[in-house]
Structures are given as C-alpha cells and as structure tokens.
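**Student:** Starting off with a structure, shown below.
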Amino acid sequence: MDLARQVFNHLRRRDVGVWNALIGVMSNGCYREALDLFQDLEMDGFDPDETTLISTLTACRHIGDLNVGKKIHKCIEEKCIHGYAQDALDLYEEMLGTGLRPDGVTFVGVLCACSHAGLIDQGLHYFQSSMNTYKISPTAEHYGCIIDLLSRSGRLSEAYEIMLYEESTKSNYLEGTLKCL
C-alpha cells in the first residue's frame with residue numbers, strides 16, 4: 001500500500017481511474033486513508049464515478065462513518081444508475097446474447113442496478129450466477145452491493161449475516177496468507 005501511494009505521488013497526470021486504483025487498494029485495509037483519498041479526489045476537482053463510490057462505500061462500511069456514508073449515498077443517487085436500472089439490466093442481457101462473458105466489474109454494475117430498482121430476487125439470482133455459472137469470486141464490492149440490496153428491502157438480518165460472512169471469509173483468507181509467509 002505504501003508503494004502504491006509512492007507511485008501515485010510521483011504521477012504527473014492523475015485521472016479518476018488512477019484515483020480509483022489507489023482508493024481501491026486502500027479500501028482493502030487502510031479504510032481511513034481510502035476515505036481521505038475520496039475527499040482529496042473531490043478537492044482536486046474530479047467527479048467520483050461508480051468505481052470510486054463503491055470502493056469508498058466499502059471503506060466507509062468498515063469504519064462505520066455514517067456522515068461519509070450519507071455523502072456517498074447522495075453521490076450514488078445523483079450520479080449512478082438513477083432511473084436507468086432496467087436499461088443497465090437490458091444491456092447486460094444483450095451482452096450475454098452476444099456471447100461475451102461478464103466479469104466481476106460487470107456484476108458490480110448489475111447488482112447495483114438491481115439494488116436501486118428494488119429487484120431483490122433478481123439481484124440475488126445474479127449474485128449466485130456470478131459465482132456458480134461464471135466462477136467469479138465475490139469481492140468486497142459484490143458483498144457491499146448485496147448488503148445494500150437486502151438492506152433497502154428491509155431484510156436487515158440477512159444483510160448482517162452477509163456482512164459477517166464477508167468479514168470471516170476475509171479474515172480466514174488473511175490468516176491463510178499470513179501462515180504461508
């Protein structure tokens with residue numbers, strides 16, 4: 001993470017993609033740093049995109065910073081998929097029809113669209129499909145979308161269970177990685 005920050009600091013040109021890369025790295029453990037970077041991105045005059053918001057929301061969830069969470073939620077509602085959820089899902093189905101395989105990023109968009117459109121069962125189906133059909137290992141962003149999907153529909157106990165599962169999976173992974181070192 002230090003190396004990523006050093007490379008970022010030496011870049012002459014920064015765009016949202018570069019900011020997203022660094023925020024994404026930091027949202028995997030350095031949560032406060034990720035939130036600080038989100039604020040720096042805005043102060044430098046960049047508009048956060050969907051990737052920025054998802055990574056930042058992940059960091060916010062870990063810290064439990066309600067104020068930043070509300071700010072990110074407002075950005076999501078203003079900028080992302082607002083009113084176009086069905087169009088996004090139609091485009092996804094069209095993509096499948098051409099024979100293209102969706103990747104993890106595609107499923108983040110699909111799950112976000114389902115969440116905003118209130119398509120709970122469809123979102124859960126897509127989540128299962130991402131793992132079972134396309135063999136995509138869910139990331140914190142995928143779990144964040146599912147937690148949002150369930151929370152918006154009032155299924156808070158299920159959302160909480162997913163959050164606990166995601167945390168234990170990450171913890172088990174980290175323990176296994178540390179043992180290998």
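**Student:** For region 142-165, which residues satisfy the criterion of being open to solvent by less than 60 Å² (accessible area, probe 1.4 Å) and under 18 Å from residue 53 (Cβ atoms)? If you could, list the steps in order and put the result at the bottom.
**Tutor:** Of all residues in region 142-165, those open to solvent by less than 60 Å² (accessible area, probe 1.4 Å) come to 142-151, 153-154, 159, 162-163.
Matches in region 142-165: 142, 143, 144, 145, 146, 147, 148, 149, 151.
**Student:** What helices (runs of 4 or more DSSP H), lying completely within region 41-128, carry at least 2 residues that are under 25 Å from residue 31 (Cα atoms) and open to solvent by 20 Å² or more (accessible area, probe 1.4 Å)?
**Tutor:** Values: elements: 50-63, 66-79, 85-97, 104-117.
Where helices (runs of 4 or more DSSP H) fall fully within region 41-128 and carry at least 2 residues being under 25 Å from residue 31 (Cα atoms) and open to solvent by 20 Å² or more (accessible area, probe 1.4 Å), they are 50-63, 66-79, 104-117.
**Student:** Something else about it: Taking region 132-181 as the search range and keeping residues that are of a type in the set (A, V, I, L, M, F, W, C) and out of contact with any helix residue (DSSP H, G or I) (no Cβ under 8 Å at 6 or more places or on another chain), which one is modelled with the highest pLDDT?
**Tutor:** Quick first cut of region 132-181, residues of a type in the set (A, V, I, L, M, F, W, C) only: 136, 140, 145-147, 149-150, 156, 159, 162-164, 174, 178, 180-181.
From what is left, the residues that are out of contact with any helix residue (DSSP H, G or I) (no Cβ under 8 Å at 6 or more places or on another chain) are 164, 174, 178, 180-181.
Numbers: 164: 83, 174: 36, 178: 34, 180: 33, 181: 32.
Among them, the one singled out is 164.
**Student:** Pairs under 6 Å by beta carbon, first residue within 16 Å of residue 117 (Cβ to Cβ) and free of Cβ contacts under 8 Å to residues at least 24 places away in the same chain in region 143-157, partner open to solvent by less than 50 Å² (accessible area, probe 1.4 Å) and assigned to a helix (DSSP H, G or I), six or more apart or different chains?
**Tutor:** 151/159
The values are calculated or read from the model by the stated rules, or taken from the named source; none is laboratory data. Bear in mind that the values here come from a model prediction, so they are computed numbers and not experimental data. Please note: Cβ atoms are built from the backbone with ideal geometry, for glycine as well, and neighbour counts cover all protein chains shown. Ligands, DNA and RNA are stripped out before the accessible areas are found, and what is left, the full protein with its side chains, is counted by its heavy atoms. Shrake-Rupley method; radii C 1.70, N 1.55, O 1.52, S 1.80 Å.
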